[in-house]
Amino acid sequence: QVQLVESGGGLVQAGDSLRLSCEVSGRTGSSYNMGWFRQAPGKERQFVAAITRSGTITKYTDSVKGRFTISRDNARNMVFLQMNSLQPEDTAVYYCAGDVQLTLTLRSAQAQYEYWGQGTQVTVSS
């Protein structure tokens, strides 16, 4: 069973930056495409970013493009989400997720991801 544990969330002011980390247990986690999702209070969980197994291709939702960067370090079984220029609308619980399917296409639907972390809270004040 693959385990994902997120960390790095917190309370920040608008314009600040945070870097979220996701530790993936086992070597098999490094063979998956990985994604970040977020869920704001009263809202559905939505796609934020995804990265291929090699880390060479990334995908972002339009609202974070140019501000957020997803990356990974497979040697350390880690996935990261660097979040710059944070705004109050970024406030949410952020989840790391793994896509077990062998695909060259980065997917953005929640149901397409098999493994999920517990989430880490990001709160941005204005």
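The values are calculated or read from the model by the stated rules, or taken from the named source; none is laboratory data. Just so you know, these numbers come straight off a predicted model, no measurement behind them. Cβ placement follows ideal geometry from the backbone for every residue including glycine, while neighbour counts extend to all protein chains displayed. Heavy atoms of the whole protein, side chains included, go into the accessibility calculation; ligands, DNA and RNA do not. Shrake-Rupley method; radii C 1.70, N 1.55, O 1.52, S 1.80 Å.
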Given axes a ≥ b ≥ c from the Cα gyration tensor, I'd like to know whether region 24-65 is rounded (a/c under 1.5), prolate (a/b larger than b/c) or oblate.
oblate
Surface per residue (accessible, 1.4 Å probe) for the chain, Å²:
51 Å²
If the only charges are +1 at each Lys and Arg Cβ and -1 at each Asp and Glu Cβ, what is the size of the charge dipole of the chain around the Cα centre, to the nearest 20 debye?
260 debye
Around L4, under 11 Å between beta carbons, what's the net of Lys plus Arg minus Asp minus Glu among the other residues?
-3
Please state the relative contact order of region 1-65 as a whole percent: Cα pairs under 8 Å, 6+ residues apart?
22 percent
Potential extension, V5-V100 segment - 0.36 nm per residue separation minus Cα distance
32.5 nm
Within the set of other residues whose C-beta is less than 14 Å from the C-beta of K43, count the net charge using Lys and Arg as +1 and Asp and Glu as -1.
-1
For the chain the mean separation of alpha carbon contacts under 8 Å (6+ apart) over residue count, i.e. relative contact order in percent, is 36 percent
When the convex hull of the C-alpha atoms of the chain is computed, what volume per residue in Å³ does it have?
93 Å³
Cβ-defined net charge surrounding Y32, 9 Å radius [Lys, Arg +1; Asp, Glu -1]:
-1
The extension gain from S85 to A109, computed as 0.36 nm times the residue separation minus the Cα-Cα distance, is 6.1 nm
What ranking do 34-43, 62-71 get when scored by the average of other Cβ atoms within 10 Å per residue, highest first?
34-43, 62-71
